[in-house]
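Here the structure comes first, spelled out in structure tokens, and everything after it is commentary.
The values are calculated or read from the model by the stated rules, or taken from the named source; none is laboratory data. None of these values were measured; they are calculated from a predicted model. Every residue, glycine among them, receives a Cβ derived from its backbone with ideal geometry; neighbour counts consider all protein chains shown. Note: accessible area is taken over every heavy atom of the protein model, side chains too, but ligands, DNA and RNA are not part of it. Shrake-Rupley method; radii C 1.70, N 1.55, O 1.52, S 1.80 Å.
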Amino acid sequence: MIELLTQHPFIAALASLAILGLAFGSLLGFAAVKFKTEGDPIADQVEALLPQTQCGQCGYPGCRPYAEAIAEGDAINKCPPGGEATINALADLLDVEALPLDAEEESVPSVAFIREDECIGCTKCIQACPVDAIVGAAKHMHTVVASECTGCDLCVEPCPVDCIDMIPLPTTVQNWSWELPKPAEDLIATDRDSNSSNRDEAA
Amino acid sequence: MRKIFDIHGGVHPPENKVQSLSRGIESAGIPPVLVHPLSQHIGAPATPIVEVGQRVLKGQMIADAKGFVSAPVHASSSGTVSTIEHREIPHPSGLLARCIVIDTDGKDEWIELDPVEDYTALEKADLLHRIRDAGIAGMGGAGFPSAVKLSTRDDVVIDTLIINGTECEPYITADDILMRERADQIIAGVKILQHLIQPTKQTLIGVEDNKPEGIAALRAAAEGSNIEVVVFPTKYPSGGEKQLIQILTGREVPSGGLPADIGVVCQNIGTTVAIHRAVQYGEPLISRITTVTGEACSAPGNFEVLLGTPVDYLLKLGGFQQDQCIRLVMGGPMMGFTLRDTAVPVVKTTNCLLAPTQKELPPPPPAQACIRCGMCAEACPVSLLPQQMYWFARGKEYEKLEEHNLFDCIECGACSYACPSNIPLVQYYRASKAEIRKQQQEKVKSEHAKARFEARQIRIEREEAEKEARRKARQEAAKKKAAAGKDPIKAAQAKAAPAADPAQAAIEKAMAKRSGNAPEETNEEKLARLKKAVETAEKRLESATAKLKEAEAADAPNLGALQTAHERMTEKFAKAKEELQQFEQASTEAPSTGDPAADAIARAQAARAKNADKSPREKAEEQVASLEKRLSKSEQKLAEAKESGSETAEVLEQSTAKLRDKLDAARAELAQLSESEAPVAAAASTNDPAQLAIEKAMAAREAAAKLSPEDKAKKALESLEARVEKTRTKLAEAEESGADTVDVLRDTLAKLEDKLAEARKEAGVEG
Ligand code: SF4
Ligand code: SF4
Ligand code: SF4
Ligand code: SF4
């Protein structure tokens, strides 16, 4: 055997390569089993950025399915509740270009409100609510627990007597915030008094 | 002389303080209405505790603190609560918020106060409680509830108490005038704070060197105490809490930390006075010193204003000229905000009303591009990099902003002031901070929503699984039943042969299933018709016989005619009977229709008709005969099937075996009958199940009738006990499988148990 190898360096090379390949292959295989990642890490990260409104406006039945679809390469601009902020965050995470939102407008954060004297207690809205934010019993008045409502809109459609309104969340002193100033015109100081055509050129 | 430290950066805007210092503190008096916003502090808005129309006294609490970080609100003069509604409040947003509005009556009647003679005798908690109940919130500008700030943890040693008399912002002189005129009150308040905080090392009052008169007054008042008045060079913004601590002690509050972390507690001078009044006189915070200044005011000065006084009322006292004023600012020119409406009230944090003219405070020129000069970074007292943060804020790169310590920015505006390009830098930081906070809140909310969504998902899955399991169980049960009963029609047929009425019902049911089968209808109809014919013939024969007998007795002349008639009747009856029998036989022996159900009926009915007037023995004999016939037939069929290898062989084998069994039973019966022809035996051995059940029930009734009442009660008790037991096991089963019958079963069990208890009682009474 030794002789064969010493006599035929080509076979020796082949054999050693084969042995090396086997050794590293099994090492890799072992590592794949030992350090197996649970679930889909990308989908998890994507899901963490989605607003969890569970409204289905993205065309998927909830945020998790959309996260999985994004991980599989779907467009990142389909979530109206998340809006631009979510798209930017997703673009950052996945290192892709931030696209404009694939909807007419960002949905305004709102909360469902049941006009209680009109509610007939059909429980249809309860079944529609993805986060169990509606309480009530059959043939009794229902009401929305505003603090749990994600404003997903899903309960409005099933109501047979149309007694659910989506009320945009009001701005209060507590949740008011400063607006970002309108971006400064990017001029240099010497352009300050020039007329608008010059300004356009400079911009 | 103690060492004064310096802070990084800072700017020197024109001070403009002298205008409002020409006069002493003046009382603003009682305005016709007082508007008390429920939220004048940082934290949760207070909750109203008065009603519309209620008369309130000066100093009466009208809204209580809600939660730990909150402060109550007090009426600042006596009057009537006219309304509690949303009104515009002094806030940069110009939003509406809930306010308690009081129509004053001018009497200025105080509520009974609870002064403290010797506060040193009070517990720390009691003292804090008084400060809290007095509604004191930081009067320097931020409005953080003082009691919260002073509730230091016991394990944190505070070595330095700092009183902030810096008042570094231009125009404002409220603290300056307080030092000049009420230095003794300030010192008294500081002593209370000393007692409360127990600073182990020093108590310092920090004042900028642009207030020599105030410093002198303070020093005089602090004579002989361990309170040191420290003077340092004027620079904006040395009045920031962290900046002042750094100037006086050289220590830096860590990023994101609190002064208490480095053993320091800091309070504003105005707050100190308020604490003094609250503790020593029991007066809640109902007034403050507010500077009214600016070139649009002809009589600038400092006013002691009742909280809730509308700004326009106060401005009138300062000689405000609306037409000259370019914009009305609450607070100073650096950190204040523009008021949109002059109807808003003065609140706990209102230290200044600034009414500048166009020339005095021109609107900021349009922002230009950043020229990267670095002036902003030089001006920043926190050593941040405003220029970098500006770019990140514009790009909405919030992570980078946080990395650049955005949250350490005190929003002093020094960078904006220094920027040669007039970029409103501080606005960018404020907006970005708000956006980051909002995102954090949304994150929390979305986590919560996700948890709820997932919980719901799991619940739905579980319910589905349960439903599926139940469905499967039901299916299984149905299959078992089907296996036992095979084809229901066949089962009915099998029963039809030996049984009478119940069988009939079953057959009828089976037939209903195959409705629209004409031949069976005719068969049945024919049978009925024939029977009827027999019946009528019989009747007529009877009546004919009777008539004949009568005639014979009376020796009537028509006797002959009657005799012939009777003969004819007898003939007819015999014929009808024969016909019926024939039909019955035909349908038994030669199933003409091919419909098994109809055949079964015909057979069953034929059998019944035959049996009707036969002795039990005869019946038994006949049955044996018919069974023998059927057996031989089916054996023949079986042989044929086996020969041809047909699939029905198995079924046939089974039915043959059954028939054999039946035949054996019938034979045994016959043997018995032959021995004793007693009718009782016949009745007992009849194989009609319905009859049997009835007989059993009757026997039971008879037995029961014979029983004594005690025995009856006992029986009832026993049966009830058995039922309760059964229900219990059922319930346990249902509970285990989580079936939705649990509730119903539980109800039933409860009812049964009640009944049982009653029955037991009865038995006990009777026995
Ligand atoms: S649109 Fe957005 S919030 Fe709505 S389900 Fe899809 S990912 Fe969730
Ligand atoms: S209450 Fe209506 S809007 Fe709110 S989360 Fe439930 S389904 Fe959506
Ligand atoms: S001071 Fe203004 S122009 Fe200069 S670097 Fe800062 S932001 Fe840019
Ligand atoms: S506003 Fe913030 S960044 Fe600007 S100077 Fe003040 S602390 Fe520094």
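Values as computed for the structure displayed
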quantity	calculated
Those trypsin sites (Lys or Arg not before Pro) in segment B:101-185 that DSSP places in a loop and that have at most 16 other beta carbons within 10 Å	B:LYS107, B:ARG153
Accessible carbon and sulfur surface of segment B:1-49 relative to its total accessible area, %, 1.4 Å	61
Across A:LYS124/B:LYS450; B:LYS526/B:LYS547; B:LYS66/B:LYS124; B:LYS547/B:LYS572; B:LYS149/B:LYS400; B:LYS479/B:LYS658, pairs whose alpha-carbon gap is larger than 28 Å	B:LYS526/B:LYS547; B:LYS149/B:LYS400
Residue mean of other protein chain beta carbons inside 10 Å, A:170-176	6
Filter on B:LYS3/B:LYS211; B:LYS472/B:LYS730; B:LYS348/B:LYS445 - keep pairs with C-alpha separation over 28 Å	B:LYS348/B:LYS445
Gain upon complete extension [B:ILE49, B:CYS373; 0.36 nm per residue less C-alpha separation]	111.1 nm
B:GLU15-B:ASP155 pseudo-label distance in nm [points 7 Å out on the Cα-to-Cβ vector]	4.6
B:THR338-B:ASP261 FRET efficiency (beta carbon distance; Förster radius 25 Å; 0.05 resolution)	0.10
Under 13 Å from the B:GLN439 label point (7 Å along Cα→beta-carbon), backbone N, segment A:41-80	A:49-50
Rounded to the nearest 20 debye, dipole of segment A:55-98 from Cβ charges on Lys, Arg, Asp, Glu	240
Farthest toward positive dipole pole in segment B:18-354 [+1 Lys/Arg, -1 Asp/Glu at C-beta], among B:ILE275, B:PRO170, B:MET139	B:PRO170
Charge dipole of segment A:110-168 about the Cα centre (unit charges at C-beta), most positive-ward option of A:VAL131, A:VAL156, A:PRO168	A:VAL131
Backbone N under 18 Å from the A:ARG115 label point (7 Å along Cα→Cβ), restricted to segment A:149-169	A:155-168
Relative packing of B:207-215, A:45-53, B:441-449, which averages over residues the other C-beta atoms within 10 Å, highest first	A:45-53, B:207-215, B:441-449
At 1.306 mPa s and 10 °C, Stokes diffusion of segment A:41-94 via Kirkwood alpha-carbon radius, µm² per second	151
Modelled FRET efficiency - R0 35 Å, B:ASP754 with B:ALA668, Cβ distances, 0.05 increments	0.10
Antiparallel content of DSSP bridges confined to segment B:256-378, in %, to 5	80
Between 0 and 90°, nearest 10: helix A:83-94 axis offset from chain A longest Cα axis	10
Cα-Cα P(r), segment B:18-354, percent of pairs per 20 Å interval	33, 60, 7
Dipole axis of chain A (+1 Lys, Arg; -1 Asp, Glu on Cβ), positive-most option in A:PRO181, A:SER107, A:GLY59	A:GLY59
Other protein chain Cβ atoms within 10 Å, averaged over every residue that makes up A:47-53	5
Intensity falloff of segment B:170-301 expressed as log10 I(q)/I(0), Debye formula with alpha-carbon point scatterers, at q = 0.17, 0.18 Å⁻¹	-1.00, -1.11
Whole-percent pair-distance distribution, where bins are 10 Å wide, for the alpha carbons of segment B:1-146	10, 28, 32, 20, 9, 1
Globularity ratio of segment B:344-412, using Cα Rg and 2.2 N^0.38 Å	1.48
Neighbouring partner chain Cβ atoms per residue of B:425-435, average, 10 Å criterion	4
Interface A:B - total buried accessible surface [probe 1.4 Å, Å², rounded to 100]	3200
Residues of segment B:14-61 buried by at least 10 Å² on assembly (accessible area, 1.4 Å probe, chain alone as reference)	B:SER39, B:PRO45
Debye, to nearest 20: dipole size of segment B:346-400, +1 on Lys, Arg Cβ, -1 on Asp, Glu Cβ	100
With Cα atoms, 0 to 90° folded angle of helix A:9-34 axis to chain A main axis	30
Relative packing of B:64-74, B:296-306, A:119-129, which averages over residues the other C-beta atoms within 10 Å, highest first	B:296-306, B:64-74, A:119-129
